[in-house]
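Report on the following structure.
The values are calculated or read from the model by the stated rules, or taken from the named source; none is laboratory data. Every value quoted in this text rests on a predicted model; they were computed, and no experiment measured them. Every residue, glycine as well, gets a Cβ built from its backbone with ideal geometry; the counts of neighbours run over all protein chains shown.
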Amino acid sequence: MLRFAKKMPDKCLGCGACEEIVACPAGKPFSEALCFGCGACQLACPGDAVVMLERTKTRDVEIKVNGEKFWVPERVTVKAALELLGYRFSRFPEKGSIFAPCSVGGCYSCAVLVNGALVPSCVTGVTEGMEISTDLSEDYVPKRIVHGWMGHPVGGVGTPWWLKGHRYIEVACFACGCNLRCPQCQNWTTTYCGKDKPLSPSEAARITTYMRNRYRVDRMAISGGESTLNRRWLLSYIKALKELNQDSDARIHVDTNATILTRDYIDDLVDAGMTDIGPDLKGLKVETFMKITGIKEKELAEKYLRTSWDAFRYLVDNYKERLFIGIGIPYNKMLISMDEIVKIGEEIMKIDDSVQVCVLDYRPEFRNVTIPRPSYAEMLDVWKALKDVGLKTVICQTPRGHIGP
Ligand code: FES
């Protein structure tokens with residue numbers, strides 16, 4: 001807990017991510033004297049060039065938590081200080097603990113009030129005299145960093161295949177922060193971004209609505225990072241979008257890794273106004289899931305994987321007529337075998353043989369830059385294998401565009 005970040009110059013790629021996207025609470029990455037040890041720069045570094053070292057000497061500072069006075073070491077984050085005082089944090093939403101899934105300041109799930117202002121506890125450093133409140137009232141306005149609004153001609157996993165083409169069909173925005181640590185993350189500058197200004201749900205919904213009108217499309221998508229992390233924010237955002245887009249053509253689309261998408265969360269999303277969803281199933285075996293997602297704790301990986309499959313089943317069983325459901329599955333021979341792809345296909349068949357299955361070609365990105373991008377021929381083999389299993393609607397991303405259905 002008492003630690004500081006050190007950059008290893010021989011590994012540094014010089015990409016600037018630690019300066020540009022990381023919400024360094026010290027304001028200056030890699031200053032041993034100032035570092036709060038949050039570890040965000042380590043998580044975000046594509047070169048794996050940051051190590052966390054133990055800090056031995058530190059003095060104490062006085063803070064107040066929920067009105068009570070405590071002493072905690074200086075140069076730790078608010079989250080670490082709260083943990084030292086016995087507060088529990090978790091990477092899967094649990095009663096009695098503060099959900100802190102991204103640890104880079106992107107999702108604001110771990111937010112607390114510090115001197116009256118909402119801040120992410122994972123990337124905020126404690127200071128002398130700080131007053132922290134963990135009691136957020138039911139009606140507080142959640143915030144989250146969301147950025148990258150754009151018109152999209154292809155859409156995401158939960159976009160119906162017949163719409164994908166060469167004109168704009170969707171506007172999308174990207175929520176920062178993710179609970180997974182995929183070494184080949186294709187959107188890593190969003191995933192690890194904690195530096196932008198957080199937005200309220202209504203601010204984000206207004207921007208999305210403006211973009212919808214500007215691009216003259218009906219579909220409004222949110223992806224990430226991981227869109228579902230800050231539940232209160234996402235539900236309020238969807239409600240605000242629905243309020244601003246009351247026409248029957250409006251579609252609200254959520255793309256998600258589905259790892260925390262519990263049944264009650266799905267019910268709430270549908271009640272809020274979600275119309276389309278694209279859950280990803282990142283493997284069938286937990287070992288594959290861990291390799292693809294970079295999650296090292298087996299128990300947590302099992303929970304995430306189980307939740308994502310259960311979310312798929314629950315969506316089909318309860319909302320097939322009401323929502324458009326598209327499933328995403330990964331392919332790259334370095335990460336998952338063809339045998340497992342076939343088994344995933346068989347499992348999907350047992351749940352719904354007509355659901356749209358989109359195979360994503362996992363490319364060299366972020367830390368996994370040495371994996372080759374799957375060729376067109378390889379993706380065609382995947383497509384054939386899933387069609388042979390009996391799935392009716394399979395589309396595959398390839399370097400030459402989509403194959404299928
Ligand atoms: S866990 Fe702190 S902002 Fe996401």
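Structure summary
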item	result
Answer residue from region 132-149, given it is surrounded by 14 or more Cβ atoms within 10 Å (Cβ to Cβ) and more than 15 Å from the ligand (Cβ to nearest atom) and is nearest to THR58 (Cα to Cα) among those	SER133
Condition met for ASP339 (surrounded by fewer than 22 Cβ atoms within 10 Å (Cβ to Cβ) and either more than 24 Å from TYR376 (Cα to Cα) or of a type in the set (A, V, I, L, M, F, W, C) (or both))	no
ASN257 within 14 Å of the ligand (Cβ to nearest atom) and either crowded, with 18+ Cβ neighbours inside 10 Å or over 30 Å from GLU299 (Cα atoms) (or both)	no
Residue in region 185-205 that is under 24 Å from ILE329 (Cβ atoms), touching a His at 6+ places or on another chain (Cβ under 8 Å) and assigned by TED's automatic domain parsing to the domain that holds GLU299 present	yes
The listed residue being more than 14 Å from the ligand (Cβ to nearest atom) and either assigned to a loop (DSSP other than H, G, I, E, B) or polar (S, T, N, Q) (or both), out of GLY105, GLY86	GLY86
Flag if ASP196 is at pLDDT 95 or above, within 30 Å of ARG367 (Cβ to Cβ) and among the acidic types (Asp, Glu)	yes
Condition check for GLY27: out of contact with any Asp or Glu (no Cβ under 7 Å at 6 or more places or on another chain) and either part of a strand (DSSP E or B) or modelled with pLDDT of 95 or more (or both)	no
Any hit, region 315-333, residues being assigned to a strand (DSSP E or B) and of a type in the set (Asp, Glu)	no
So LEU43, is it surrounded by fewer than 20 Cβ atoms within 10 Å (Cβ to Cβ), within 13 Å of the ligand (Cβ to nearest atom), outside any loop (DSSP other than H, G, I, E, B) and modelled with pLDDT of 95 or more	yes
Helices (runs of 4 or more DSSP H) completely within region 210-294 that count 2 or more residues being of a type in the set (Phe, Trp, Tyr)	231-244
Condition check for LYS95: exposed (fewer than 15 other Cβ atoms within 10 Å of the Cβ), out of contact with any strand residue (DSSP E or B) (no Cβ under 9 Å at 6 or more places or on another chain) and either closer than 23 Å to ASN230 by Cα or among the basic types (Lys, Arg) (or both)	yes
Odd one out for PHE174, checked against (1) farther than 20 Å from ASP276 by Cα; (2) within 15 Å of the ligand (Cβ to nearest atom); (3) not in a loop (DSSP other than H, G, I, E, B)	(1)
Condition broken by GLY225, with the remaining ones in (1) at pLDDT 95 or above; (2) within 15 Å of the chain's Cα centre (by Cα); (3) on the phi < 0 side of the Ramachandran plot satisfied	(3)
Tally, over region 118-131, of residues that are surrounded by fewer than 18 Cβ atoms within 10 Å (Cβ to Cβ) and within 16 Å of the ligand (Cβ to nearest atom)	1
Tally, over region 111-169, of residues that are among the small types (Gly, Ala, Ser), part of a loop (DSSP other than H, G, I, E, B) and under 24 Å from the mean Cα position of the chain (by Cα)	3
All positions within region 108-117 that are in contact with a Pro (Cβ under 8 Å, 6 or more places away or on another chain) and more than 6 Å from the ligand (Cβ to nearest atom)	ALA111
Total residues in region 181-202, condition surrounded by fewer than 24 Cβ atoms within 10 Å (Cβ to Cβ) and either outside any loop (DSSP other than H, G, I, E, B) or within 11 Å of the chain's Cα centre (by Cα) (or both)	8
Considering residues of region 203-220 that are touching a residue at least 12 places away in the same chain (Cβ under 8 Å) and closer than 12 Å to VAL146 by Cα only, the residue nearest to the ligand (Cβ to nearest atom)	ALA204
Enumeration of residues in region 12-42 that are free of Cβ contacts under 8 Å to residues at least 12 places away in the same chain and hydrophobic (A, V, I, L, M, F, W, C)	ALA33
Residue list for region 91-102, filter: more than 10 Å from the ligand (Cβ to nearest atom) and under 22 Å from the mean Cα position of the chain (by Cα)	PHE92, PRO93, GLU94, LYS95, SER97
